[in-house]
Amino acid sequence: MTQLVFRDDAYERSCDARIVAVRRSEASVAVELDATVFYPMSGGQAGDTGVLRANNIELRVTDTRKGEDSDRVLHLLAPDADPPAIGSPVIAELDWERRHRHMRMHTCMHLLCAVVAAPVTGGRIAKDKSHLDFDIDMAKLDKEAIEKRLNELIEGAHAATPRWIDSAELAANPQLVKTMSVAPPLGERRVRLLEIPGVDLQACGGTHVANTREIGRVQVVRIRSEGKRNKRVTVAFAP
Ligand SMILES: [Zn+2]
C-alpha cells in the first residue's frame, strides 16, 4: 500500500520514500514506493511525471498509473531503466508546473459542473485543455455565457477544500456523485469530497488548487456533440 501524500496535500512537490516493488515489462519498469506525491491517472486526470532521485542517479518517471488495487501507485520508467534495490531510499519529485496546471484545470472542471446544470457523462483533464461531457441539449449550451460565468467564479476567489465522509453518508446523498464515469469505488470506507462552498460539492479524489483565483483566466474553446448523451465542452487557459 502506498501512502498517498497528494490526497492530504496536493501542493507537496516531493517526498522521501522507499522502493517496495519493481516490476519489469517490455513497455516499462514500474516502481512502487511506500509513499508518493505522484497522482496516478484516474478520474479523467492525467498521471504525473517527474523524477525519482537516489544517490547519484536520476530516474525519469514518464507516467503514473494505479496498481491492481487502488491503494498502489506505479511509477513508470523507461524499459531500460535500472532502479536501485528494493528497500532503497529515493526522493520522488514531481514536474510541478505540469501538475499545477492539472490542479488548475481540474478545479475549473468543478466550476464547469456548477455552470452547466446537467449530468456529467465523461471528462478529461490535461495540462493545456480539458473537457467535460454533459447529457444535455446542444441548444442549452451557450459558449459565451459559460465562459463569462466560469471567469466570474474564478475571479470570485472561492476556497476549494477537500473533506472526508464515510460511505454511509455518501449512500444517503447520491447526488454527491456527479460524474457517473468516476464514481468512487464501492466498499471504500471513506470517500473524499471537494467542496467549493456555495458553488460545488462532489465526491472527488483528484488534485485541486486551494482557491479558484489560482486557476487564472480560461476560455471555452469548443462545444460539440460527441453523441446523444455526450455534449462536450472544452476549456483552455486564456493566452
Ligand atoms: Zn476534483
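The numbers here are math on the coordinates, done by the rules we state, and not lab data. From a predicted model like this one, the values you see are computed outputs, not experimental measurements. Here Cβ is always computed from backbone atoms with ideal geometry, including for glycine, and neighbour counts include all displayed protein chains.
A compact table of results
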| item | result |
| --- | --- |
| Relative contact order of the chain, defined on C-alpha pairs under 8 angstrom at six or more residues apart (%) | 19 |
| Where trypsin sites (Lys or Arg not before Pro) in DSSP loops with at most 11 other Cβ within 10 Å are excluded, longest remaining stretch of the chain | 1-188 |
| Estimated FRET transfer efficiency (Arg213, Lys143; beta-carbon r; R0 25 Å; 0.05) | 0.65 |
| For the chain, the longest site-free run once GluC sites (Glu not before Pro) in DSSP loop states with at most 11 other Cβ atoms within 10 Å are removed | 69-239 |
| Pair Tyr11, Ala126: separation of 7 Å Cα→Cβ label points (nm) | 2.9 |
| Pair-distance profile P(r), taking every C-alpha pair of the chain, with 5 angstrom steps and integer % | 1, 6, 14, 17, 17, 15, 12, 9, 5, 3, 1, 0 |
| Positive-end residue of Leu141, Ile125, Ile154, charge dipole of the range 118-157 with Cβ unit charges | Ile125 |
| Over the chain: helical MRE at 222 nm, DSSP H runs n ≥ 4 each giving -39500 (n - 2.57), nearest 500 | -5500 deg cm²/dmol |
| Distance in nm between pseudo-label sites at Arg18 and Ile86 (7 Å out along the Cβ direction from Cα) | 1.2 |
| 3J(HN,Hα) from dihedral phi, the range 135-150, Karplus parametrisation 6.51/-1.76/1.60, rounded to Hz, x for glycine, proline | 8, 7, 6, 3, 4, 8, 9, 10, 3, 5, 5, 5, 4, 5, 5, 4 |
| Given charges at beta-carbon only (K, R positive; D, E negative), |dipole| of the range 1-153 in Debye | 200 |
| Inter-site label distance for Trp164 and Met41 at 7 Å from Cα along Cβ, in nm | 2.8 |
| Near-label residues of the range 99-123 by backbone N, under 19 Å of a point 7 Å along Cα→Cβ of Arg224 | 121-123 |
| Total lysine pairs under 17 Å (Cα atoms) in the chain, excluding pairs fewer than 8 apart on one chain | 7 |
| GNM top mover of Gly122, Gly44, Gly156 - the chain, alpha-carbon springs below 10 Å | Gly156 |
